[in-house]
Structures are given as structure tokens and as C-alpha cells.
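What follows is a short report on a single structure.
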Number of protein chains: 2
Amino acid sequence: MWLTIIRKISHRGGTFQLRFMQYPDAKCKWTLISTLRGIDANFDEWLRSQFTMYHENDIDIYKNKTQIWLVFEKTFSAIKGLVTYRPIFEEYFYEVLRLLFEDNVMYLEFRSTLPEMYELNGSTYKSEDTVRFYDDVIEKFKRTHPKFVGARLIYAPDRDNNNQTFNNIASILLNVKVGHPKILAGFDLVGQEDLGAPLLSYLWEVKRIAKLGIDVYFHAGETNWYQSNSDYNVIDAILLGSKRIGHALGLIKHPVALEMIKERNIAIEVCPISNQMLLYVDDLRNHPASFLIANGFPIVISYDDPSLWNVTGLSYDFYITFMAIAGRTADLRLLKQLSINSILYSSLTGDEKKLALQSWETDWGIFIENIHSVIV
Amino acid sequence: MWLTIIRKISHRGGTFQLRFMQYPDAKCKWTLISTLRGIDANFDEWLRSQFTMYHENDIDIYKNKTQIWLVFEKTFSAIKGLVTYRPIFEEYFYEVLRLLFEDNVMYLEFRSTLPEMYELNGSTYKSEDTVRFYDDVIEKFKRTHPKFVGARLIYAPDRDNNNQTFNNIASILLNVKVGHPKILAGFDLVGQEDLGAPLLSYLWEVKRIAKLGIDVYFHAGETNWYQSNSDYNVIDAILLGSKRIGHALGLIKHPVALEMIKERNIAIEVCPISNQMLLYVDDLRNHPASFLIANGFPIVISYDDPSLWNVTGLSYDFYITFMAIAGRTADLRLLKQLSINSILYSSLTGDEKKLALQSWETDWGIFIENIHSVIV
């Protein structure tokens, strides 16, 4: 029987860790979840509320980015011990794929920090093992869902790494490339850009990774500050050969960068709900992606961290893009192009894209037939 | 001795009118301000608060545009009876010019609905008389402030006019053009675009006005709705030959319109504080003018309705433009260009512009010398 134990760290404002353990370790004072449930009838409800940033009145709660990023990271930390328990992780990731499949997402590229998994007896795994668990779940899911094209990993450790950690990152990437070549899409760095070091400071590390033949898919320009370091990250992401760029909110303020984006055919990953939740774009009708759509720049729609804003699947972000960001004359053609872009700007090979597009076209045809029969 | 009387219309949520009258008219129940002051020691404080939309906690008060436009119009209506009393009007407009002069604004183009002025005995004036009062104050101000270049009028009645009123508008414009040719800069229509009729519905009326040889300076695109009627107003404003365009918030979403704006050298009137106060752009770092600046489009900075947001002079909007909208590398050259643009894109003739620029250059030189001496 598994034990679930909670640690309360009062000086960190109620931050806590969850851990499945056969016997509680001696590092700190653990309490059984069952004990806490006995004390507080609403414990489960409270615990669930700690797994999301979404609250009915969040417009009154979240006032500035530093505050919201703290909540953001606190929420990740609350979930971590739950989903890094290996058997739960496998169920959890399977459920991710299932929910996406239900939402008609047939192919996924996901970023992961490759967190350390653990077992009930306290033994832990390496990052490379986490990749193996991902891979196993994907293969298992594909067996029961033959239409599912697959899922690939962008290894995205925290951007606040020192050189020592970068040696470790490079070694992980190399091991994954050799051990699980099919799953690896590329590399990225994550975290609040406005506080972290600029992309430029990782120039040599990124070049080293590029030499391993690994593509980069950078988060860059998740900022409101024009010509700040985080804003210039977009330009460095382009120069460093990023295949896609996540957010790039200030891109439209850089005419030369816009030209390069078009020339190099780099897609921007647009995450409308995330941008609103994390206070980058309050009114999504003012989202810079309107400009990108109007000018025919390639964009792909993404959900960033859906569970944190209580979102399941990708359709919500498609909906927001269609209703708030696109113009009133936008129609099925936009939705079609956005769907095609998801495949076109993926890390799949030419042949894989062709197959995925064929499968998508069949589904799109059925979708249109269904609409047609409803209308007629 | 003047009497100041207030009318309370409770069913309109506290809307009221102020009026200077020798004897109160019989149209409704008037109360002397002195009586109200006797009842409530804080009456003056309350009254002053009705002359502005600005409140310390306005972020919690104003939730949507329809609500805020009601407050906006209610505030105008509260001020109206005060400033349309002819002697007060003359003092009031003189004070406007004086405050701008103190803020180093040497030339002004202002929009006015040409409201009806009145005297203590209840007699009223025509719109043409209002123009005459403006003109007299400007000439008086210039006599005591020889450096002041002048002020010109854009006649801007409410956009919700029917054809009957348009006959009246055309006749006023013609009379002003003949009677006060120097003061008339052009024509515009004002009001909440998202609720009013589109510019296109005034096509023939505007063409009639253009035939009188009167330039148009349209408010257009003060909206967040991409490809709405109000958004398309920007395109119609261009096609109708607008010399400048006010707001044009969605312009950057229209590539062809952007090309035409550049080709025809039309300046956009950017009003950052107004856009934030009226809830069009919450975070001014996301203001579309960043794009316009980055791409070298001509813009002029304006304050729209400063007293409504408790602002005196133009420097606040320059400050916001410099700090929030422009990039971090923006410097004195931007401020210089914005100042020059104010003259360059005015309705002044070529010779007048030359003179105004010469005078401005002298002042700019002194400004730079002063900065230099402080730094060195």
C-alpha cells in the first residue's frame, strides 16, 4: 500500500511537496495525506486548487508578473512530487495523450525539463530514464490508437543553468539522441526571461549543442519590454537557427527580424491563453499575432501549460485565436491553415509530414462533410 | 452678481447641469450652489470630482467600454454648463492656451463640437459665434505671448448626426471658412465609434464638405475589434483623404492600409493615456504605436481629453510614449522627431511651417545647451 505524505514549509508561504513513499524519509516532517483528510474534510478540494493557477476571480488576485510567476512556479512544484512517481507519471502522460487525441490532436511536440522519476522505495532515475518512460507510453498509446501520429520531445531545462549543468545537459542530449533518436525533436531553455540571463550568454553552449546535430526551438521574447534583453532574445533565437520561436511577443517591433523570420520560414508558437494568464497581453484582441496573421507569417497555436489555467486540449486556444485575434472575416480557411501549420512546422521529416498531412486531410474532409450535412 | 444653480436628475444616476443665470428658468427645479454648499461642507470637493474621470482606484471602477464611455460623456455634460457661459469660456480657453504654453506647446490644433454659448440673461449664441470667441481669445493670447504660433480649430460634431444636421454642419463650416478663414483647420466627427454609424455612411456628406475645400482630420479605428465597422473606418478615412488620422488602433493589422498611409504621408495621432483610460490598450507597452515608430511611420502625440484624466499639458503623453511605447534605445532623437512632426503634420501652410520650425529650432537649441551645461 502506498503512503502519500505532505511536507508543509511555512516559511515559504505554504509551499509543499508531495511524495509517495513506503516509509517517510527522515529529511523532514512528513504527514500522511489520510491524516490531513481526517483533520480537514475539504482537504482534497484545497489540494486540487493548488494544482492550477486558475481561480474564478483571478483578475483580482494576480497584479504583476513577478507575483504571477511565483505562483506559476509554486504550482509546478506542488504537482511535481505527484507526477514524478514513476507509475503515476506513466498514467498521467498516457492521460495527456488521450485527452489530446479526444481533442483531435494527432501529433504532439512537448517541452520537458526531464524531471527525475522515483519509486516507492525511494530509488530515483536519471533524465535519460524519463525519456525512456515517455517513449514507452507513446508507443503503448500508439498501439491502441493507430491513427495517432506520435509525440516528440523538446528537452527544455531551466534557463538559469551554469556551465557545470550545461555539461550535464549536453551529455543527456547526446545519450537521448543515441538511445531514443526518434523521440528527440530538439532543445530549448525555459523560465521567466525578464529575470533570467539572455540567450546570448549561452552562445557557446548552444553552439556546442548545435554541433551535436540537435535542432533548437527557443522560447524567446516572452516580455513586454521593447529592446530589453528578453526582447532581443528573439533576434538571437533567429541567429542561432531556431526552427520555431515560442511567444516572440515583441517581434512585430523589429522590422529586420520580421524579414528574417519570413525568409527563414520560422513559425511563431502563439499561446494566447498563456499570454493572458501570465499578464503579457490583457486584451487578446491586441495580441501581436493579429499582425502576423494579417501579413501571412507562419504561426502555430499552442497551449503552453494548459492544466495551470484549467484548460484541456488545444481547442480553447484555437477558439481564442479565431474569435479575438483573427479578424471578423476569418473563416474555415484560417482554421485549416493553422491545422496544416501544426504539421508543416513540426520537427517531422518530409516523408513523415506527407503521411501526417494525408491522414489529416482525410479527417478534415470528414469534418467538412459533417458540417455540410448539418447545414444542408 | 452671478447665480450658479444645479439641477439634479435622479433617474439619470446623478447627472446634472450647471448654469449661470440671473434668474432661474422655469424648465426645471434649480438650486443655488451656495445653498448646496450650506448643506454639504464637501460640496465643492464632490463637484470637482465630477469634472474628471480620474480616481485613485479607477482600475477597479471601470470594467468595460460601454460603462466608461457613459462616464466619459457624463463628465463632459457636467462641465458643459460651466464652460459654455461666455465669460467663463473665454477665461477657460485662455487658461488652456496658458497651460500649454507653460508646457512649451507653441501651436495647437483642437477639435470642438462648437457648443452653444450663453449669457447671464439666458440669451444664446450660434456655433459661428463660438468660433469668434475662440478666435478672439487666441488673438488676445498671442498679443501677450508673441512666441505662441497660434491655434486652429477642427470642427468635430458628434458622429450620430442625421442629414438634417449635416445641412447645418455644412452651413456652419462655410460660414466659418468665410468669416474666420485663418482659424479653420478642418472637419472631423467624434463619439464612440463602436456604437455609432461607420464613416462610410457619411460618404456623400463628407464629399460635400470636401467640395467646400475643407480638409478632413478623422478620428478612425478607436476600437479593438479587427475588421469591425470601426476598424474599417481607418481605410475609409484614408480613401476620404484624411490629412491625419486619430487613434487608428487597428491600422497595423491592415498591410495595404499601412502602405497607403506611408505613400500618402498621413500621420497617426497617438493618444496613449486616452487609450489606456478608455480601456483600449491596458498595458501601453503593447500599444500599436511601437510598430509605427519601429517602421518610421509618421506619428504625432496628442492628449485627447486631458482634463478627464487629470492631465495638464502634453508632456505626460510624450513621457508615456518615450518610456512605455518606444524601445530602450530610444533617445533625444525620438523626442526631437516627435516635436518636429507636430509642426510638419499640422494644417499650417508651407511658409507657416517654416517659421514655426525656425522658432522651434531656436528653443530646441537652448534646451540642448541647458542639458549639456547640466551634464558637463
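Could you say which residue among B:Phe297, B:Phe322 is aromatic (Phe, Trp, Tyr), within 14 Å of chain A (Cβ to nearest Cβ) and part of a loop (DSSP other than H, G, I, E, B)? Exactly one of B:Phe297, B:Phe322 is aromatic (Phe, Trp, Tyr), within 14 Å of chain A (Cβ to nearest Cβ) and part of a loop (DSSP other than H, G, I, E, B), namely B:Phe297. Of everything in segment B:214-225 that is buried (at least 24 other Cβ atoms within 10 Å of the Cβ) and without any contact (Cβ under 8 Å) to a residue 40 or more places away in the chain, the residue that is nearest to the other protein chains (Cβ to nearest Cβ) is B:Gly221.
Okay, residues lined up against (1) at pLDDT below 85; (2) under 26 Å from the mean Cα position of the chain (by Cα); (3) open to solvent by less than 40 Å² (accessible area, probe 1.4 Å); (4) not assigned by the TED database to the domain that holds B:Ser307:
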{"position": "B:Lys8", "(1), (2), (3), (4)": "yes, no, no, yes"}
{"position": "B:His11", "(1), (2), (3), (4)": "yes, no, no, yes"}
{"position": "B:Leu18", "(1), (2), (3), (4)": "no, yes, yes, yes"}
{"position": "B:Ser34", "(1), (2), (3), (4)": "no, no, no, yes"}
{"position": "B:Asp40", "(1), (2), (3), (4)": "no, no, no, yes"}
{"position": "B:Glu45", "(1), (2), (3), (4)": "no, yes, no, yes"}
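Looking only at residues in segment B:54-77 that are of a type in the set (A, V, I, L, M, F, W, C) and in contact with a helix residue (DSSP H, G or I) (Cβ under 9 Å, 6 or more places away or on another chain), the one that is farthest from B:Gly191 (Cα to Cα) is B:Ile61. Residue-level analysis places B:Leu279 among those that are part of a loop (DSSP other than H, G, I, E, B) and within 14 Å of chain A (Cβ to nearest Cβ).
Exactly one residue out of B:Phe133, B:Phe148 is under 19 Å from B:Phe89 (Cα atoms) and of a type in the set (Phe, Trp, Tyr): that is B:Phe133. Is one or more of the residues making up segment A:304-318 more than 20 Å from A:Ser274 (Cβ to Cβ) and either out of contact with any strand residue (DSSP E or B) (no Cβ under 7 Å at 6 or more places or on another chain) or of a type in the set (Lys, Arg) (or both)? For segment A:304-318, residues more than 20 Å from A:Ser274 (Cβ to Cβ) and either out of contact with any strand residue (DSSP E or B) (no Cβ under 7 Å at 6 or more places or on another chain) or of a type in the set (Lys, Arg) (or both): absent. Which pairs turn up if I take residues in segment A:40-65 that are in contact (Cβ under 8 Å) with a residue 60 or more places away in the chain and look for partners that are aliphatic (A, V, I, L, M) and not in a helix (DSSP H, G or I) with beta carbon separation below 9 Å, at least 6 apart in sequence or on another chain? Listed by first residue and then by second, the contacts come to A:Met53/A:Leu278; A:Tyr54/A:Val311; A:Tyr62/A:Met53; A:Tyr62/A:Leu278; A:Tyr62/A:Leu279; A:Asn64/A:Leu279; A:Lys65/A:Leu278; A:Lys65/A:Leu279.
Quick grid of which residues meet (1) closer than 22 Å to A:Tyr316 by Cβ; (2) of a type in the set (Ser, Thr, Tyr):
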{"position": "A:Met53", "(1), (2)": "yes, no"}
{"position": "A:Thr66", "(1), (2)": "no, yes"}
{"position": "A:Val83", "(1), (2)": "yes, no"}
{"position": "A:Tyr94", "(1), (2)": "yes, yes"}
{"position": "A:Glu102", "(1), (2)": "yes, no"}
{"position": "A:Glu119", "(1), (2)": "no, no"}
{"position": "A:Glu128", "(1), (2)": "no, no"}
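In segment A:119-128, the condition of being out of contact with any Asp or Glu (no Cβ under 9 Å at 6 or more places or on another chain) and free of Cβ contacts under 8 Å to residues at least 40 places away in the same chain is met by at least one residue. The number of residues in segment A:226-240 being in a helix (DSSP H, G or I), open to solvent by 10 Å² or more (accessible area, probe 1.4 Å) and either at pLDDT below 95 or within 14 Å of chain B (Cβ to nearest Cβ) (or both) comes to 3. Residues in segment A:151-176 that are part of a loop (DSSP other than H, G, I, E, B) and either surrounded by 20 or more Cβ atoms within 10 Å (Cβ to Cβ) or not assigned by the TED database to the domain that holds A:Arg111 (or both): A:Ala156, A:Pro157, A:Arg159.
Checked against (1) in the same structural domain as B:Leu249 (by the TED database); (2) farther than 16 Å from B:Ala151 by Cα; (3) open to solvent by 20 Å² or more (accessible area, probe 1.4 Å), B:Trp309 meets all criteria but (3).
Rundown of residues vs (1) out of contact with any His (no Cβ under 7 Å at 6 or more places or on another chain); (2) farther than 24 Å from B:Asn229 by Cα; (3) surrounded by fewer than 18 Cβ atoms within 10 Å (Cβ to Cβ), yes/no style:
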{"position": "A:Ser290", "(1), (2), (3)": "yes, no, no"}
{"position": "A:Phe297", "(1), (2), (3)": "yes, yes, no"}
{"position": "A:Asp305", "(1), (2), (3)": "yes, yes, no"}
{"position": "A:Ser315", "(1), (2), (3)": "yes, yes, yes"}
{"position": "A:Ala326", "(1), (2), (3)": "yes, no, no"}
{"position": "A:Asp331", "(1), (2), (3)": "yes, no, yes"}
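Looking at this structure, is A:Thr329 within 14 Å of chain B (Cβ to nearest Cβ), of a type in the set (Ser, Thr, Tyr) and in a helix (DSSP H, G or I)? It is false that A:Thr329 is within 14 Å of chain B (Cβ to nearest Cβ), of a type in the set (Ser, Thr, Tyr) and in a helix (DSSP H, G or I). Scanning segment A:255-276 for residues that are more than 14 Å from every other protein chain (Cβ to nearest Cβ), of a type outside the set (Val, Ile, Thr) and open to solvent by 20 Å² or more (accessible area, probe 1.4 Å) gives A:Met260, A:Glu263, A:Arg264, A:Asn265. Under 6 Å by Cβ, and 6 or more places apart or on different chains, what pairs join a residue from segment A:19-34 that is in contact (Cβ under 8 Å) with a residue 24 or more places away in the chain and closer than 21 Å to A:Phe89 by Cα with one that is open to solvent by less than 60 Å² (accessible area, probe 1.4 Å) and outside any strand (DSSP E or B)? Close Cβ pairs satisfying both conditions: A:Arg19/A:Gly81; A:Phe20/A:Leu120; A:Gln22/A:Leu120. Quick check on segment B:305-328: of everything there that is at pLDDT 95 or above and not hydrophobic (A, V, I, L, M, F, W, C), which residue is nearest to the chain's Cα centre (by Cα)? Of everything passing the filter in segment B:305-328, B:Asp317 is nearest to the chain's Cα centre (by Cα).
Is it fair to say B:Lys243 is open to solvent by 20 Å² or more (accessible area, probe 1.4 Å), of a type in the set (Lys, Arg) and either within 14 Å of another protein chain (Cβ to nearest Cβ) or over 22 Å from the mean Cα position of the chain (by Cα) (or both)? No; evaluated as a whole, the condition is false for this residue. Filtering segment A:131-150 to residues that are free of Cβ contacts under 8 Å to residues at least 40 places away in the same chain and assigned to a helix (DSSP H, G or I) leaves A:Glu139, A:Lys142, A:Arg143, A:Thr144. Within segment A:238-254, the set of residues being of a type outside the set (Lys, Arg) and in contact with a helix residue (DSSP H, G or I) (Cβ under 6 Å, 6 or more places away or on another chain) comprises A:Ile238, A:Leu240, A:Ile245, A:Ala248, A:Gly250, A:Leu251, A:Ile252. Taking segment A:37-84 and the helices (runs of 4 or more DSSP H) fully enclosed by it, the elements with 1 or more residues that are over 30 Å from A:Pro157 (Cβ atoms) and out of contact with any His (no Cβ under 7 Å at 6 or more places or on another chain) are at A:43-49, A:58-61. Of note, A:Leu199 does not satisfy the criterion of being within 20 Å of A:Ala257 (Cα to Cα) and open to solvent by 10 Å² or more (accessible area, probe 1.4 Å).
The values are calculated or read from the model by the stated rules, or taken from the named source; none is laboratory data. Predicted model, so just to flag it, every value in this text is computed and none were measured. When we count neighbours, we look across all protein chains shown, and the Cβ atoms used for this are built from the backbone with ideal geometry, even at glycine. What goes into the accessible areas is simple: the full protein's heavy atoms, side chains included, and nothing from ligands, DNA or RNA. Shrake-Rupley method; radii C 1.70, N 1.55, O 1.52, S 1.80 Å.
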